[in-house]
Amino acid sequence: MAESRSNPQLAAVRLADYQPPDWLVPDIELDIRLDATRTVVKARLHLRRNGRHDRPLVLDGHGLETRIIMLNGKGCANWPNGDTLTIPVDGDEAVFETEVVIHPSRNTRLMGLYASEGRLVTQCEAEGFRSITWFPDRPDVLSRYRVRLEADKALYPILLSNGDRGAARDLPGGRHEITWTDPWPKPSYLFALVAGQLAALTDEFVTMNGRRVQLAIWTAAADVPRCAHAMAALKASMEFDERVYGREYDLDEFNIVAVADFNAGAMENKGLNIFNSKYILADSETATDMDFDAVAGVVAHEYFHNWTGNRVTCRDWFQLSLKEGLTVFRDQQFSADQGSAAVKRIDDVRALRAVQFPEDSGPLAHPIRPDHYVEIANFYTATVYNKGAEVIRMLHALLGVDGFRRGTDLYFDRHDGEAVTCEDWLKAMEDANGIDLKQFRRWYEQAGTPRVSVTLTQQGGRAELVLRQTVPPTPGQPDKQPVHMPFRLALIGRTSGRRIGDEQVVELREAVTHLTFADLPEPVLPSLNRGFSAPVVVEADTARADLAFLAAHDDDPFARWEAFQQLALSVLGSDDDPAPLVEAVRGTLADPGLDAAFKGEAVLLPTESFIGDAATIVDVEAIHRRREAARMAIATGLESEWWAAYERERTALAGRETALTPEAKGSRRLANVALSYLVTAGSDRAFAAAETQYHAALTMTDRLAALRALVNSQATTAQGARAAVLADFHQRFAGNNDVIDKWFSAQALANRPDVLDQVERLLKHPDFTPSNPNRLRSLVGAFAANQRWFHAADGAGYRLLADQLIAVDRLNPQSAARLAVPLGRWRRFDAVRAALMRAELERIVAAPGMSKDVLEMASRALA
Ligand code: 0A1
Ligand code: ZN
C-alpha cells in the first residue's frame with residue numbers, strides 16, 4: 001500500500017504473514033481492583049513455549065501504566081517500547097506477572113475497560129484486552145481464566161465475569177470480592193467483566209442433557225420488565241440450537257448485561273454477553289415491531305456464537321467471517337423459524353443491497369476473507385457479516401439440510417477448542433459430504449458482486465435459457481474468475497400465471513451456462529434467483545409488462561417482491577408515467593391470497609439510495625423527483641384503497657393492538673404503510689387520522705409511524721400537527737435513550753428541504769451526546785443516509801459530516817471511521833459533488849492527529 005510508505009501508522013497486517021504464536025498461555029489469573037478513575041490490574045500468565053525456537057515473549061499493551069514486570073518471581077529489566085513488551089525467556093515454561101493501572105472513566109474509545117452510566121464494562125473484541133493488561137492479544141492464544149474482582153460494594157454491588165461464579169466475600173472498608181473461573185479455554189477477545197448497580201430478570205433453561213442453566217439479563221432496576229422479550233428470545237435460541245444443530249449450552253449460568261454506551265450491537269463474551277441496550281430493552285410502548293425482531297435476532301446471534309465463535313474460534317482476524325458469516329446465517333434461520341420466513345428473507349436482502357452492495361462496488365470493497373488490513377475494527381463490515389452469511393446460505397443450498405448438518409457436526413467434532421480458518425470450515429463441509437468446493441472457495445477470495453445476465457428464447461414448446469456470469473473488478477483485483485453458485489429458477493406460464501414444471505437449483509460454475517426446456521405447454525417467463533439463492537445482481541432485460549405479470553403471479557414470494565422492485569427500478573430510471581406501478585400496487589392490495597405482512601413489503605418503492613446504486617452515476621435530484629412523483633401517484637391513485645386497507649387492518653387489530661403475533665405485526669405494517677401513503681396524498685382527513693393515531697397509540701410501532709408520516713409531510717396544513725407531535729414525543733420519552741434516538745433520526749431522515757437546518761439545530765440540542773455511538777448514529781449517521789438532502793448540491797451536508805467526524809475522532813475512532821463511509825462513494829456522483837466529497841476526505845486526512853481507523857478509511861476512499 002502506497003500510504004504505508006508515507007505514514008508508518010498505516011502499515012498493513014497481511015494474511016500471508018501469519019505465524020503461529022511463539023508462546024502460549026494455557027492459564028491466566030487476573031486480580032482486578034476496580035475503580036472508575038484508577039483500576040489496578042494484576043495478571044499472572046502461565047506460559048508455554050510453542051514449538052522449538054528461541055524467540056522472546058512479545059506482549060501487546062495499550063495505554064497501560066505499567067508498575068511491575070516479573071518473570072518467574074523476579075523483577076524484569078525489560079520495559080515496554082510503545083505498545084509492545086519484549087521479554088527473553090529461558091526454559092519452555094515460565095510464570096510472567098505484571099501490575100498495571102488503567103483509567104476507565106477517561107476511556108471514551110469504549111474499548112478495554114470503560115465506564116457507562118456509572119458501571120464498569122469491558123469490550124475486548126478485537127484488540128481491547130491489550131488496554132486492560134499485557135498479553136499476546138490475538139485469537140489463537142487460548143487460556144483458562146481465573147478472575148478475582150474487587151470493588152466498593154455500594155458502588156459496584158454486582159461483579160460479573162465469564163464462566164462459573166465462586167463464593168463472594170466482604171472485605172474491610174466497604175469492599176467485596178468474587179472469583180470467577182471459566183473452564184473453557186478462550187481467546188482474550190472473549191474476556192469480559194461488568195461491575196455496578198444492576199438488577200436482573202432471571203429465568204432457567206434445562207438443556208437437552210439436563211443441565212439447569214440460570215439465565216439473567218442485567219440492567220437498571222427500572223428497566224427489568226423491558227427484558228422479557230430478550231429473555232424469551234434467549235430461551236428460544238437455546239432450544240433452536242439444540243433442535244437444529246445439536247448444540248447444547250455448556251455452563252451453569254448465562255448472563256447478559258445491557259449497557260447504554262457500546263460501539264457495536266452486542267458482544268458474545270463467554271457466558272457474559274454484553275449488549276447495546278437497544279438490542280435488549282423492549283416493550284410495546286418504547287419498541288417498534290422491527291425493534292422487537294432486532295432484539296430477538298441479536299440475542300440469538302450472540303447466543304449462537306457460543307459454538308460458532310467461542311467453542312470453535314478464529315485463528316486470526318482475517319477469518320472473521322468464519323464466525324460472523326456463519327452466525328448471521330444461523331440468526332437469520334432462527335428468525336425465519338420464529339416468524340414469516342418470506343418477509344425475513346425480503347428484509348435481509350433489502351439490508352444486503354442497502355449496505356453491502358454499495359460496499360462491494362466502491363473503494364472499500366474487500367472479500368469476505370480480506371487479505372490485509374490496517375485497523376481490524378474497520379473490517380466489521382456488511383461484507384464480512386452479511387455477504388458472509390449469504391455464502392454460508394449458498395453452502396446450505398448446495399448441500400441440503402442434511403448435508404449441511406453433517407458438515408457442521410464434523411466441523412464441531414473436529415475443531416472444538418481450536419482456533420481455525422475458513423479453510424478448515426470448507427474442508428469439514430467437503431469431507432462430511434464427499435464433495436469438492438475448490439471453485440466455491442473463490443467466494444472467500446474475490447470481492448465484488450457477481451452479475452448474472454439471463455436471456456430466454458422460446459420457440460413453440462422449446463425454450464433456451466442462457467446465463468452469463470461476470471465478477472466486476474474491485475480495488476486490487478482487476479481480473480476475476482467465475483464462481484460456483486446455486487441459482488434457483490422456475491418457469492411461469494405467461495397465460496396461466498402458473499409455475500410450469502418444478503423449481504430447479506442450477507449450479508452455475510462456468511462463465512456461460514445453457515439450459516433447455518422442452519414440451520412447454522405455453523409461453524413462459526423465467527423466475528430467477530428465487531429466494532435470492534445467490535448474492536448476485538441479475539440482469540434480465542425483462543419487459544415491464546412481464547415484470548408486472550410476475551409481480552402478480554410468481555409463486556415464490558421473494559421473486560414476486562423482486563419483480564415489483566425491478567419494475568419500479570425500470571420506471572424510476574426514466575421520466576415515464578408511473579401508472580404501471582400504481583396498477584401493480586393496486587393488484588397486490590386486492591390479492592386475497594397475500595397476507596398483510598407481505599403486502600406491507602410489496603407495495604413499497606425501492607429507496608432512493610437503492611435506485612441510485614443501480615445507476616452508474618447517481619442523479620440525486622432526478623431520483624428524488626421521480627420517486628416522489630411515483631409515491632404521489634400511488635397515494636392519490638389508490639386513495640380509497642389505502643383508506644380501506646387502513647381501516648380494515650385497524651379493525652383487525654382492535655383489542656389486540658399490542659400483540660406480537662405475525663398477524664398483528666402484519667396488520668400494523670400494512671396499516672402504517674397505508675397511513676404514510678394517505679398523508680402523502682395530503683388530505684386533512686389523513687392528517688387528522690395520523691394525529692389521532694399518534695396520540696391514541698398503544699405501541700411504539702403505531703406512534704412512530706404516525707410521527708414519521710407527519711414529519712415527512714411537506715404540506716403547510718400539516719405544519720402545526722408536525723411541530724406538536726415532535727414536541728410531545730420528546731417530552732413523553734425524555735430520559736429514554738433508545739426512544740430519543742428515534743426522535744433524532746426521524747428528523748434527520750425526514751423527506752424535507754429543511755433537513756440540513758434541522759440537523760444543525762439538533763447538533764446543539766442538549767440531548768445530542770456524540771460520545772454515545774447510538775446517539776451519534778441516530779443524528780449524523782441517519783442524516784448521511786438521507787440521500788437527497790445529505791447530497792445537497794452545495795456540499796453543506798458533506799461539510800457537516802466531516803466536521804462531526806473530525807470532532808468525534810478525538811473521542812472514539814471507531815465511531816468516527818464509520819462516518820467516513822458515505823463520502824467514499826464520491827465516484828458514483830456527478831463531477832461537482834465528487835469534487836466536494838473528495839475535498840472533505842482530504843480535509844479529514846490532513847486534520848492533525850487523526851486515528852488510524854479514520855486514516856485507513858479515508859485513504860482507501862481517496863485511492
Ligand atoms: N462479535 C460481535 C461484534 C462486535 C465487534 C466489535 C465490538 O467492539 C468494537 C463489539 C462487538 C458480534 O458479532 O456481535
Ligand atoms: Zn457476531
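Scan the range 353-377 residue by residue and report those that are within 16 Å of ligand 2 (Cβ to nearest atom), part of a helix (DSSP H, G or I) and not small (Gly, Ala, Ser). Of everything in the range 353-377, those that are within 16 Å of ligand 2 (Cβ to nearest atom), part of a helix (DSSP H, G or I) and not small (Gly, Ala, Ser) turn out to be 355, 356, 376. Among residues of the range 127-144 that are more than 15 Å from residue 29 (Cα to Cα), those with a Cβ under 6 angstrom from a residue that is at pLDDT 95 or above and of a type in the set (Lys, Arg), sequence gap 6+ or separate chain, pair up as 137/130; 140/315. Taking the range 1-117 as the region of interest, the strands (runs of 3 or more DSSP E) fully inside it that hold 1 or more residues being among the aliphatic types (A, V, I, L, M) and touching a Pro at 6+ places or on another chain (Cβ under 9 Å) are 23-33, 39-49, 57-60, 65-71, 84-87, 112-116. Residue 164 passes every criterion in (1) surrounded by 23 or more Cβ atoms within 10 Å (Cβ to Cβ); (2) touching a Leu at 6+ places or on another chain (Cβ under 9 Å); (3) not β-branched (Val, Ile, Thr) apart from (1). Inside the range 206-221, residues that are without any contact (Cβ under 8 Å) to a residue 12 or more places away in the chain and not in a strand (DSSP E or B) make up a count of 1.
Filtering the range 353-388 to residues that are closer than 17 Å to residue 534 by Cα and either within 16 Å of ligand 1 (Cβ to nearest atom) or of a type in the set (A, V, I, L, M) (or both) leaves 354, 355, 356, 368, 382, 383, 384, 385, 386, 387, 388. In the set 391, 349, 312, only one residue is under 13 Å from residue 535 (Cβ atoms), within 16 Å of ligand 2 (Cβ to nearest atom), among the hydrophobic types (A, V, I, L, M, F, W, C) and modelled with pLDDT of 95 or more; that residue is 391.
Scanning the range 272-293 for residues that are within 16 Å of ligand 2 (Cβ to nearest atom) and either on the phi > 0 side of the Ramachandran plot or surrounded by fewer than 24 Cβ atoms within 10 Å (Cβ to Cβ) (or both) gives a single hit, 276. Taking the criterion of being within 11 Å of ligand 1 (Cβ to nearest atom), surrounded by fewer than 23 Cβ atoms within 10 Å (Cβ to Cβ) and not in a helix (DSSP H, G or I), the only residue of the range 296-313 that qualifies is 310. Evaluate the range 314-329: report whether one residue or more is polar (S, T, N, Q) and within 12 Å of ligand 1 (Cβ to nearest atom). Yes, the conditions are met somewhere in the range 314-329.
When each of 404, 412 is tested for being part of a helix (DSSP H, G or I) and surrounded by fewer than 19 Cβ atoms within 10 Å (Cβ to Cβ), the lone residue that passes is 412.
Residues are listed down the side, and each one gets a yes or a no for (1) part of a helix (DSSP H, G or I); (2) more than 29 Å from the chain's Cα centre (by Cα); (3) surrounded by fewer than 17 Cβ atoms within 10 Å (Cβ to Cβ); (4) not hydrophobic (A, V, I, L, M, F, W, C):
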residue	(1), (2), (3), (4)
440	yes, no, no, no
448	no, no, no, yes
457	no, yes, yes, yes
469	no, no, no, yes
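Search the range 318-330 for residues that are assigned by TED's automatic domain parsing to the domain that holds residue 441 and pair each with any residue that is within 9 Å of ligand 2 (Cβ to nearest atom) and of a type in the set (Val, Ile, Thr) when their beta-carbon atoms are under 7 Å apart and the residues are at least 6 apart or on different chains. That search, which allows pairs on different chains as well, returns 323/308; 326/308; 327/308; 330/308. One residue alone among 559, 629 is part of a helix (DSSP H, G or I) and closer than 24 Å to residue 490 by Cβ, and that residue is 559. Residues in the range 276-295 that are touching a residue at least 40 places away in the same chain (Cβ under 8 Å), among the hydrophobic types (A, V, I, L, M, F, W, C) and within 14 Å of ligand 1 (Cβ to nearest atom): 280, 295. Taken over the range 5-31, the criterion of being more than 32 Å from the chain's Cα centre (by Cα) and over 26 Å from residue 54 (Cα atoms) is satisfied by 5, 6, 30, 31.
The values are calculated or read from the model by the stated rules, or taken from the named source; none is laboratory data. Every value quoted in this text rests on a predicted model; they were computed, and no experiment measured them. All Cβ positions, glycine included, derive from the backbone under ideal geometry; neighbour counts span all protein chains shown.
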